[in-house]
Amino acid sequence: MLIISKKGYISILFYYIIIDMNKKLYVISGSSGVGKGTVLKGFLARNPHFMLSISCTTRKPREGEIDGVNYFFLTKEKFQQNIADDKFLEWAEFAGNFYGTKRKYIKQCLEEGKDIILEIDTKGALQVKKQMPEAVLIFICPPSIEALENRLRGRHTEDEETIQKRLNEVKVELERAEKFDYKVVNDELERAISEIEKIIEGESKC
Ligand code: 5GP
């Protein structure tokens with residue numbers, strides 16, 4: 001920045017932008033209905049410097065969801081074009097829809113020193129880990145499968161066919177969760193949030 005004083009002296013102020021090059025990418029996954037959205041919302045409210053990555057999806061927006069805020073809602077054709085152009089860091093088909101994270105978007109966020117969290121399915125999380133071994137994977141577990149089914153039905157946002165598809169995914173996801181760095185049981189909201197905070201605090205010191 002150039003400052004010209006009354007006497008005409010020119011001072012140059014150097015600004016050092018400190019970018020933490022060791023920013024880690026945190027990935028949170030959990031079975032549908034496990035309450036990871038609520039846990040994440042609580043975590044983000046307590047840690048506002050963290051931002052949630054916005055994914056692309058081919059699923060239709062639910063009531064109240066906004067394009068560019070909750071998701072980037074794409075057509076199947078557009079999504080497939082992005083796959084062909086290798087634009088995704090990871091992508092997965094989940095319950096009949098496609099979901100994916102843009103590579104460029106994540107790279108840019110990390111370069112800007114942002115604390116970023118991805119909320120994606122287990123398949124996508126393991127793809128991220130393959131490409132970025134330093135990424136930290138956290139799996140949110142249900143206290144039990146029955147509790148998970150009750151929560152999924154209680155949302156009243158999916159029809160029976162979709163609920164069945166999602167329950168079938170649960171078993172597969174629990175197997176994949178074995179490869180995650182951490183597991184957090186969502187038995188009590190505040191406790192689960194605190195556990196994630198402790199994990200992140202510990203990881204940011206490594
Ligand atoms: P929903 O349709 O309920 O918003 O999300 C369904 C599933 O897709 C959730 O398990 C969510 O974590 C996952 N998901 C959301 N965005 C992405 C993404 O970018 N990539 C992958 N692999 N999964 C995602």
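Quick look at the numbers
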| item | result |
| --- | --- |
| Scan of region 159-200 for residues that are over 30 Å from Lys130 (Cβ atoms) and outside any helix (DSSP H, G or I), ordered by number | Asp159, Asp187, Glu188 |
| Residues located in region 41-60, provided they are assigned to a loop (DSSP other than H, G, I, E, B), more than 10 Å from the ligand (Cβ to nearest atom) and open to solvent by 30 Å² or more (accessible area, probe 1.4 Å) | Pro48, His49 |
| The listed residue being of a type outside the set (A, V, I, L, M), touching a residue at least 12 places away in the same chain (Cβ under 8 Å) and within 21 Å of Glu158 (Cβ to Cβ), out of Phe73, Phe43 | Phe73 |
| Unmet criterion (only one of (1) more than 10 Å from the ligand (Cβ to nearest atom); (2) open to solvent by 20 Å² or more (accessible area, probe 1.4 Å)) for Phe72 | (1) |
| Residues (more than 26 Å from Gln80 (Cβ to Cβ) and charged (D, E, K, R)) located in region 92-138 | Glu111, Glu112, Lys114, Asp115, Glu134 |
| Candidates Leu137, Leu167, Leu174, Leu189, filtered to the one that is touching an Asp or Glu at 6+ places or on another chain (Cβ under 7 Å) and open to solvent by 10 Å² or more (accessible area, probe 1.4 Å) | Leu167 |
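The values are calculated or read from the model by the stated rules, or taken from the named source; none is laboratory data. Nothing here was measured: the structure is a model prediction, and the numbers come from that model. In this analysis, Cβ positions are derived from the backbone assuming ideal geometry, glycine residues included, and neighbour counts consider all displayed protein chains. Heads up: the accessible areas ignore ligands, DNA and RNA and are worked out on the full protein's heavy atoms, side chains in. Shrake-Rupley method; radii C 1.70, N 1.55, O 1.52, S 1.80 Å.
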